[in-house]
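Heads up: the structure comes next, in structure tokens.
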Amino acid sequence: MTAPRTARGRATRERIVAAAAELIRERGVAETSLDDVLERARASKSQLYLYFPDRAALLREVILHNTDLVLAAQEPQLGSLESWKAIRAWLDGLVELQVAARARGGCPIGSLAGQLAEADEQARQVLADSFARWQEPLRRGLRSLQARGKLDRRADPERLATAPLAAIQGGLLLSQTRRDPGQLAIALDAAYEHLRARATVSKR
């Protein structure tokens, strides 16, 4: 892909990506055409193909765009998960986001996985990297807890950090289909208990 050289070019490129992300959220990947994107973005085909060689490249950029939005929405909690209290606050914050959204929309990253992972290997890798970015702050926080004697030294932070992310995805799916943020709360309560089960006895 060609990187824009001017502020105007960057704005046009960002507008195209944002328009594609909005339409996909509303209609899904299959029902979003490039013509739809161009109309929503108020851009031309020449501008589109200047920055994206094909539709697949644009879709991969949408994944990155959605990932940035998801992670930004979780700040500042996601920025420092180095205590059990901070981890609990982060998980509670995710439920609050679903309450505010009225349990609509699901996960902007996970919803793309179901639509793109099997059809585009490059997209699958971008999705995997996005989930890794989401998981890293918790992994880092668990390592810090372990280094300070608050997490069992035999625990594997990599494995432990996977469980809440899986619970988030499952909880968001159930919340979306049942229009009930409580489904996410149930999943995250279970994930938190799973983590705390590995806390050192004196630090529970």
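The values are calculated or read from the model by the stated rules, or taken from the named source; none is laboratory data. The structure presented is a predicted model; accordingly, all values stated were derived computationally and were not measured. Neighbour counts run over all protein chains shown; Cβ positions are idealised from the backbone, glycine included.
Things worth noting here:
- Residue identified as closer than 14 Å to I168 by Cβ, part of a loop (DSSP other than H, G, I, E, B) and not hydrophobic (A, V, I, L, M, F, W, C) among G93, G106: G106
- Top-ranked residue of the stretch 58-93 - restricted to ones that are of a type in the set (S, T, N, Q) and modelled with pLDDT of 95 or more, ranked as surrounded by the most Cβ atoms within 10 Å (Cβ to Cβ): N66
- Test: residue in the stretch 66-77 that is within 24 Å of A128 (Cα to Cα), among the acidic types (D, E) and in the same structural domain as S144 (by TED's automatic domain parsing): yes
- Of all the residues in the stretch 143-169, those that are touching a residue at least 60 places away in the same chain (Cβ under 8 Å) and either closer than 24 Å to Q98 by Cβ or not assigned by TED's automatic domain parsing to the domain that holds R88 (or both) number 3.
- The residue that is surrounded by the most Cβ atoms within 10 Å (Cβ to Cβ), counting only those in the stretch 1-13 that are of a type in the set (D, E, K, R) and more than 19 Å from A56 (Cβ to Cβ), is R10.
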